[in-house]
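Each remark here refers to the structure printed beneath this line.
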Amino acid sequence: MNESRPAMLDVQAIRAEFPVLAQRVHDAGGQGRPLAYLDNAATTQKPLAVVDAVRDFYLRDNANVHRGVHALSERATAAYEGAREKVRAFIGAESAREIIFVRGTTEAINLVAAAWGRANVREGDEILITGLEHHSNIVPWQMLRDAVGAKLVVAPINRRGEVDMEAFERLLSPRTKLVAISHLSNALGTINPVERMISLAHEVGALALVDGAQAAAHLDVDVRRLDADFYAMSAHKMYGPTGIGALYGKREILETMPPWQGGGDMISMVTFDETRYNELPYRFEAGTPHIAGAIGFGHALDWLERVGVANIAAHETRLLDYATERARAFPGLTIIGEAAHKASILSFTLEGVHPHDLGTILDREGVAIRAGHHCAMPVMDFFGVPATARASFAAYNTREEVDALFAALEKARELFA
Ligand code: 7TS
């Protein structure tokens, strides 16, 4: 990791790379407002470098991968495998064979639950998650639990929205087969101490899966330093295309896993009597993959590395600190989630205004936030709220956009006063 001080971002130059940001919304009759896009935890916008890479692929190189003998197929294959190598380098994996392209974090976790889970989790075994998880890191484990008779154990959180580490340690036992934890909570912005959680999991002989959907574009991720057994991410939250993501798995674990989907590309030989499976990573990539998406993902990683994740993180932390300070001073506003270690996400409620109404009013002011349960209903239950409003920051956001958020909140309060 680069230990030098993060550099200040040239945010205006960055914004110029995202044409979608330079628009007014609800502009009928010239009454529109400049867009303040603060819904980055749902999906980030895409820089020209990514859009151009996808477009260029379709305009110049489009062909299927791994099968053709012609020039276009060779180019497509080289670009697709080049993207795999970029993912490997970005997360510090040892080998590109450990990188499986999937649709996103959801599919990555389902792959592990289906392939590793069905082969390794038995009746009475336990899977330990936390009270902070997104539904995609809960439901696949419930499905596995119900299929094999395992138990799903949940480490509780405290009122600040942090995992209770004493309870987490206490809940680990030789029965624990897998610990599945988010790196960064999408509902609250809490950064989990995943390195410690993974090491505790390993002490009882469990494997550890990290849901990195929110973390990968905001925190420095080094899967070998973390010693994660699996790490899941989604390109679309990392300035890349939708419909593509990656699952990292340690080679020695992936080697022992049966495939989860059957079809083309994942085989080395098929007769009607038997099939021999292909080597890693292809064994887990049945069918024609999202070739253009993977290439766009690779360019998004180039973009992230050029701008620098540490520089982006420092910028987002300044925005989050400023927004938090303004939120604390705002009458009737309650911040949901005040963990000591947070990144890029501010979740809150406003007295007397349902978060969905708030989302609609803010939208009329040009401010795009997310209102809802954020696919983390158990987190909402814990805090006793039906939903929260959530502002989430990215490299291109500005202090002025935080001001626009609070000006719009002021309007909402006046409307409901
Ligand atoms: N895990 C976390 C922590 C997430 O935030 C999300 C998506 C997922 C998993 C699933 O990722 P996907 O790319 O497979 O859908 N979170 C959100 C959100 O907060 N608002 O919209 C999607």
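The values are calculated or read from the model by the stated rules, or taken from the named source; none is laboratory data. Bear in mind the structure is a predicted one, so any value in this text is a computation, not a measurement. Because the Cβ atoms are built from the backbone with ideal geometry, glycine has one as well, and the counts that use them run over all protein chains shown. The protein model used for the area step is the full one, side chains on, heavy atoms only, and it has no ligands, DNA or RNA in it. Shrake-Rupley method; radii C 1.70, N 1.55, O 1.52, S 1.80 Å.
In the range 233-388 the Cα-Cα distances spread across 5 Å bins starting at 0 as 2, 7, 11, 13, 13, 12, 11, 10, 8, 6, 4, 2, 1, 0, 0 percent of all pairs.
Using R0 = 51 Å, the C-beta based FRET efficiency linking Tyr277 and Glu414 works out to 0.20.
Give me the dipole magnitude in Debye, nearest 20, for the range 48-124 about the Cα centre, with unit charges on the beta carbon: positive for Lys and Arg, negative for Asp and Glu.
Details: 11 positive and 10 negative charges, 29 e Å.
Once rounded to the nearest 20, the dipole reads 140 debye.
The separation of the range 283-344 from the range 39-96, counted between C-alpha centres, amounts to 21 Å. Here the Karplus relation 6.51 cos²θ - 1.76 cosθ + 1.60, evaluated at θ = phi - 60°, turns the backbone of the range 255-265 into coupling constants of 4, 8, 8, x, x, 10, 10, x, x, x, 6 Hz, with x for every Gly and Pro. With protein chains left intact and a 1.4 Å probe, residues in the chain average 42 Å² of accessible area per residue.
Could you check what % of the DSSP bridge pairs in the chain are antiparallel, to the nearest 5?
Values: 28 of 47 bridges.
Approximately 60 percent, going by the DSSP bridge assignments.
Please identify every one of the trypsin sites (Lys or Arg not before Pro) in the range 104-173 that sits in a loop by DSSP and has no more than 13 other beta carbons within 10 Å of its own beta carbon.
When the trypsin sites (Lys or Arg not before Pro) of the range 104-173 are filtered for loop state and at most 13 Cβ neighbours within 10 Å, Arg122, Arg159, Arg160 remain.
Packing, as the average of other Cβ atoms within 10 Å across residues, places the peptides 91-100, 260-269 in the order 91-100, 260-269, highest first.
State to the nearest 20 debye the size of the charge dipole of the range 75-231 about its Cα centre, where the only charges are +1 on K and R beta carbons and -1 on D and E beta carbons. Spell out each step's value before the answer.
Details: 18 positive and 21 negative charges, 67 e Å.
Charge dipole, the range 75-231, about its Cα centre: 320 debye, nearest 20.
Charging the Cβ of each Asp and Glu at -1 and of each Lys and Arg at +1, and nothing else, the dipole of the chain about its Cα centre rounds to 280 debye.
Need one word for the range 206-271: rounded, prolate or oblate. Basis is the Cα gyration tensor (sqrt eigenvalues a ≥ b ≥ c); a/c below 1.5 gives rounded, then a/b vs b/c decides. Oblate. The C-alpha atoms of the range 357-401 occupy a region whose extents along the principal axes are 33, 24, 14 Å, arranged from largest to smallest.
Among Ala16, Ala310, Ala201, whose Cα sits farthest toward the positive end of the charge dipole of the chain (+1 at Cβ of Lys/Arg, -1 at Cβ of Asp/Glu, about the Cα centre)? Comparing the listed Cα positions along the dipole, Ala16 ranks first.
Cα centroid separation, the range 143-182 to the range 199-236: 16 Å. Residue ranges 334-342, 105-113, 28-36 sort as 105-113, 334-342, 28-36 when ordered by packing (mean number of other C-beta atoms within 10 Å per residue, highest first). Here's the picture: charge each Lys and Arg Cβ at +1 and each Asp and Glu Cβ at -1 in the chain, and of Ala83, Ala339, Ala155 the one pushed furthest to the positive end of that dipole is Ala83.
Our coupling estimate for the range 208-214, obtained by passing each phi through the Karplus curve with A = 6.51, B = -1.76, C = 1.60 and θ = phi - 60°, is 10, 10, 10, 7, x, 3, 8 Hz, Gly and Pro reported as x.
Within the set of other residues whose C-beta is less than 11 Å from the C-beta of Gly337, count the net charge using Lys and Arg as +1 and Asp and Glu as -1. If you can, show how the numbers build up before the last one.
Values: positive: Arg159, Arg160, Lys342, Arg390; negative: Glu162, Glu338.
Surrounding charge for Gly337 is +2.
Taking amide hydrogens as placed 1.01 Å from N in the peptide plane, the amide H of Leu333 sits under 5 Å from those of Glu351, each at least 5 positions away in sequence or on another chain.
At a 1.4 Å probe radius, carbon and sulfur cover how many percent of the accessible area of the chain? Answer for the chain is 51 percent, counting heavy atoms of protein chains only. Going by a ≥ b ≥ c, the root eigenvalues of the Cα gyration tensor, does the chain fall in the rounded group (a/c under 1.5), the prolate group (a/b larger than b/c) or the oblate group? Oblate shape, in that a/c is at least 1.5 and b/c is the bigger or equal ratio. Comparing Thr106, Phe57, Ser95 along the charge dipole axis of the chain, the residue lying farthest to the positive side is Phe57, per the Cβ-charge model. Taking amide H positions as modeled 1.01 Å from N, with prolines and chain starts lacking one, the residues under 5 Å from Asp39 and 5 or more places away or on another chain are Ser392. For the range 311-417, just say rounded, prolate or oblate: build the C-alpha gyration tensor, square-root its eigenvalues into a ≥ b ≥ c, call rounded for a/c under 1.5, and beyond that prolate if a/b exceeds b/c, oblate if not. It comes out oblate by the Cα gyration axes. Couplings 3J(HN,Hα) for the range 331-342, derived from phi with the Karplus relation 6.51 cos²θ - 1.76 cosθ + 1.60 (θ = phi - 60°), are x, x, 8, 10, 7, 9, x, 10, 5, 5, 10, 9 Hz, where x marks Gly and Pro. The tail of the calculated P(r) for the range 34-118, taken as Cα-Cα distances beyond 14 Å, holds 76 percent of the pairs.
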